[in-house]
Amino acid sequence: MALAEEAKRRAAWAAVDAHVQNNHILGIGSGSTIVHAVNRLAARVKQENLNVTCIPTSFQARQLILQNDLTLSDLDQHPELDVAIDGADEVDGDLNLIKGGGGCLTQEKIVAGYAKCFVVIADYRKKSKSLGEQWKKGIPIEIIPMAYKPVTRALTKKFGGVAELRMAVSKAGPVVTDNGNFLLDWKFDKVHKWDDVNSAIKMIPGVVETGLFINMAERVYFGMEDGSISICEKPVH
């Protein structure tokens, strides 16, 4: 496990060093890999006396920013960001992502969507040719609580597979997101045209957002098993 953790750290450092500049407004993602990115960012701010402002994507990201004495702000004050850096649960050959294993997909997508450049950091286990190859827990979908039953039915009727309400571990009942919503994990059973499926799922009444990040990432930094960094750029079609 130490190998994967070291790979995350190297990817995070490479991305922060390549993309963060003085006076940047930064989107700070959520999850285990982001901890390394924020640590590196804090070190650079101290060493280089950088002026950066951080916009969080979750309660966790907000705490990380504050714990590292970085400047915290929000989209009200900064509706456009220079760079957003975030992790992913899986990345395919076209740099489409599955995100939301940690339950923060909606705010992550909002912050990434309003950044001029969206950069992803991950370890070698997240790299796939096609979605579902490595990540077996399904595509997270944030939903309004009252609609979980009809959304589940509509999803499986339209696209097949199985959709399960994500249950909490240290609390009775379902996981509740930072936005007060529920999560479905949709385990698809065939390869889909993800652009179309993403749009169609979003049209189901009661769906807030999906964990499909289609055509959003500009560049992905993978920390590899051998200690190298593999950088993948968005394909030009």
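Numbers for the structure displayed
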quantity: Positions within the stretch 162-178 being in a loop (DSSP other than H, G, I, E, B) and under 14 Å from Gly211 (Cβ atoms), in sequence order; calculated: Arg166, Val175, Thr177
quantity: Top-ranked residue of the stretch 202-237 - restricted to ones that are outside any loop (DSSP other than H, G, I, E, B) and of a type in the set (Asp, Glu), ranked as farthest from the chain's Cα centre (by Cα); calculated: Glu233
quantity: Qualifying residue in the stretch 66-89 (condition: assigned to a helix (DSSP H, G or I) and either in contact with a Ser or Thr (Cβ under 9 Å, 6 or more places away or on another chain) or without any contact (Cβ under 8 Å) to a residue 12 or more places away in the chain (or both)); calculated: yes
quantity: Residues located in the stretch 117-129, provided they are surrounded by fewer than 22 Cβ atoms within 10 Å (Cβ to Cβ), of a type in the set (Lys, Arg) and more than 15 Å from Ile214 (Cα to Cα); calculated: Arg125, Lys127
quantity: Matching residues, the stretch 162-184, being under 22 Å from Asp196 (Cα atoms) and surrounded by 16 or more Cβ atoms within 10 Å (Cβ to Cβ); calculated: Ala163, Leu183, Leu184
quantity: Within the stretch 14-28, considering residues that are outside any helix (DSSP H, G or I) and open to solvent by less than 30 Å² (accessible area, probe 1.4 Å), the one nearest to Ile229 (Cα to Cα); calculated: Val20
quantity: Residue among Val191, Val208, Val220, Val197 that is touching a residue at least 12 places away in the same chain (Cβ under 8 Å), in contact with a Ser or Thr (Cβ under 8 Å, 6 or more places away or on another chain), surrounded by 17 or more Cβ atoms within 10 Å (Cβ to Cβ) and among the β-branched types (Val, Ile, Thr); calculated: Val208
quantity: Single condition Gly180 does not satisfy, out of (1) without any contact (Cβ under 8 Å) to a residue 60 or more places away in the chain; (2) within 16 Å of the chain's Cα centre (by Cα); calculated: (2)
quantity: Scan of the stretch 29-59 for residues that are within 19 Å of Val120 (Cα to Cα) and open to solvent by 70 Å² or more (accessible area, probe 1.4 Å), ordered by number; calculated: Asn39
quantity: Subset of the stretch 99-117 [over 22 Å from Ala168 (Cβ atoms), assigned to a helix (DSSP H, G or I) and of a type in the set (A, V, I, L, M)]; calculated: Ile110, Val111, Ala112
quantity: Which numbered condition Lys158 fails, given (1) closer than 27 Å to Ala112 by Cα; (2) touching a residue at least 12 places away in the same chain (Cβ under 8 Å); (3) open to solvent by 30 Å² or more (accessible area, probe 1.4 Å); calculated: (1)
quantity: Residue within the stretch 102-122 that is touching a residue at least 24 places away in the same chain (Cβ under 8 Å), within 12 Å of the chain's Cα centre (by Cα) and on the phi > 0 side of the Ramachandran plot present; calculated: yes
quantity: Count of residues meeting criterion [over 15 Å from Leu212 (Cβ atoms) and open to solvent by less than 50 Å² (accessible area, probe 1.4 Å)] in the stretch 130-152; calculated: 4
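Let's see how each residue does on (1) touching a strand residue (DSSP E or B) at 6+ places or on another chain (Cβ under 8 Å); (2) over 23 Å from Met224 (Cβ atoms); (3) of a type in the set (Val, Ile, Thr):
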position	(1), (2), (3)
Ala61	yes, yes, no
Pro79	no, yes, no
Ile85	yes, no, yes
Ala88	yes, no, no
Val120	yes, no, yes
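The values are calculated or read from the model by the stated rules, or taken from the named source; none is laboratory data. Nothing here was measured: the structure is a model prediction, and the numbers come from that model. Cβ sites come from the backbone with ideal geometry, for glycine too, and all protein chains shown count toward neighbours. For accessibility, only protein heavy atoms count, side chains too; no ligands or nucleic acids. Shrake-Rupley method; radii C 1.70, N 1.55, O 1.52, S 1.80 Å.
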